[in-house]
1. Any idea how many residues of region 1-36 are modelled with pLDDT of 95 or more and either of a type in the set (Lys, Arg) or over 24 Å from Arg68 (Cα atoms) (or both)?
2. Taking region 128-146 only, how many residues are within 15 Å of the chain's Cα centre (by Cα) and not hydrophobic (A, V, I, L, M, F, W, C)?
3. Cβ-Cβ under 7 Å, sequence separation 6+ or interchain: first residue in region 155-174 and open to solvent by less than 10 Å² (accessible area, probe 1.4 Å), partner of a type in the set (S, T, N, Q). Which pairs?
4. Being in contact with a Pro (Cβ under 8 Å, 6 or more places away or on another chain) and assigned to a strand (DSSP E or B) is the filter here; which residues of region 152-182 pass it?
5. Which condition from (1) among the aliphatic types (A, V, I, L, M); (2) at positive phi; (3) open to solvent by 40 Å² or more (accessible area, probe 1.4 Å) is the one that Leu142 breaks?
6. Which residues, counting only those in region 122-142, are within 17 Å of Glu219 (Cβ to Cβ), in a loop (DSSP other than H, G, I, E, B) and modelled with pLDDT of 95 or more?
7. For region 182-189, indicate whether the set of residues that are out of contact with any Lys or Arg (no Cβ under 6 Å at 6 or more places or on another chain), at pLDDT 95 or above and exposed (fewer than 13 other Cβ atoms within 10 Å of the Cβ) is non-empty.
Amino acid sequence: GGLQDNNTVLYKGTVAWSVGHIGGDGGWTGIDATNDNILYGSGQVLTISKSLNGGNNWTPIRPPDTNRPTIFEAPFVVGVDNPNVLYAGRDIVYKSTSAGQSWFATNGGAPIDNGAPFGNPVVAMAVSPRNSNLVYAATAPLVALRPGVFRTSDGGNSWSDLTSNLPDRFPSDLAIDPNNDQKVYLTFSGFGSSHVFKSSNGGATWEDIGGALPDIPTEAVTVDPMFPEHIYVGTDIG
């Protein structure tokens, strides 16, 4: 887990978490689904590191183009069906098919949102547990004033705009149903609109499912893998 100002922590099933991994501002993390000695962590502006020995040693595998628009705690995800596949988000989404040894730009090298020469940076991302070619990403309104939500179904060759009638708010998190990757959940920060939306058709249309929740920033969503009809969201008050 990444704790921003307080590095990255690691839990191995014992009583306490071990602290101080990687250093700096802890961000997104990942674990190879086929080998739990292979760990990934990150710090500010997509400084990704990789461990091959359960977190004892770390090697930088940072994606290129560090001058491009990048969220402070920028997202990256690790494929589940193919853990050699990683995606990492600046305004361009970068992909690795070598577990981070090398990276290339998706979308023909163009930003996925409002780009030329720079676009809105990616703030949230989720990869299908069943198909590492299917990725959802949401952007922050830091270059253009309207955030967006996007999907690739072909491993990043192209990205489709799914923003539709979603609220003009800061997107915060995405989660995919582990049994149905056309079912995706999306949360928003801000005030004055709903904060949780669901799509059952891969983002073609969105349903507002947050009407009963308080009008406060909602930062996280996850799906229970054993009971995928159970959805959890994290807000500014819990």
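The values are calculated or read from the model by the stated rules, or taken from the named source; none is laboratory data. Since we're looking at a predicted model, the values are computed, not measured. Quick reminder, even Gly has a Cβ in these numbers, built from the backbone with ideal geometry, and neighbours come from all protein chains shown. What goes into the accessible areas is simple: the full protein's heavy atoms, side chains included, and nothing from ligands, DNA or RNA. Shrake-Rupley method; radii C 1.70, N 1.55, O 1.52, S 1.80 Å.
1. Residues that pass the stated criteria total 5.
2. So the first thing to find is which residues in region 128-146 are within 15 Å of the chain's Cα centre (by Cα), and the list is 128-129, 132-140.
Filter again for not hydrophobic (A, V, I, L, M, F, W, C), leaving 128-129, 132-133, 136, 139.
Count: 6.
3. Gly155/Asn133; Gly156/Thr106; Gly156/Asn107
4. Kept after step one, since they are in contact with a Pro (Cβ under 8 Å, 6 or more places away or on another chain), are these residues of region 152-182: 163, 168-172, 176-181.
Within region 152-182, Pro171, Ser172, Ile176, Asp177, Asn180, Asp181 meet the criteria.
5. Among (1) among the aliphatic types (A, V, I, L, M); (2) at positive phi; (3) open to solvent by 40 Å² or more (accessible area, probe 1.4 Å), the lone unmet condition for Leu142 is (2).
6. Within region 122-142, just Ala140 meets the criteria.
7. Checked against the condition, which is being out of contact with any Lys or Arg (no Cβ under 6 Å at 6 or more places or on another chain), at pLDDT 95 or above and exposed (fewer than 13 other Cβ atoms within 10 Å of the Cβ), region 182-189 yields no hits at all.
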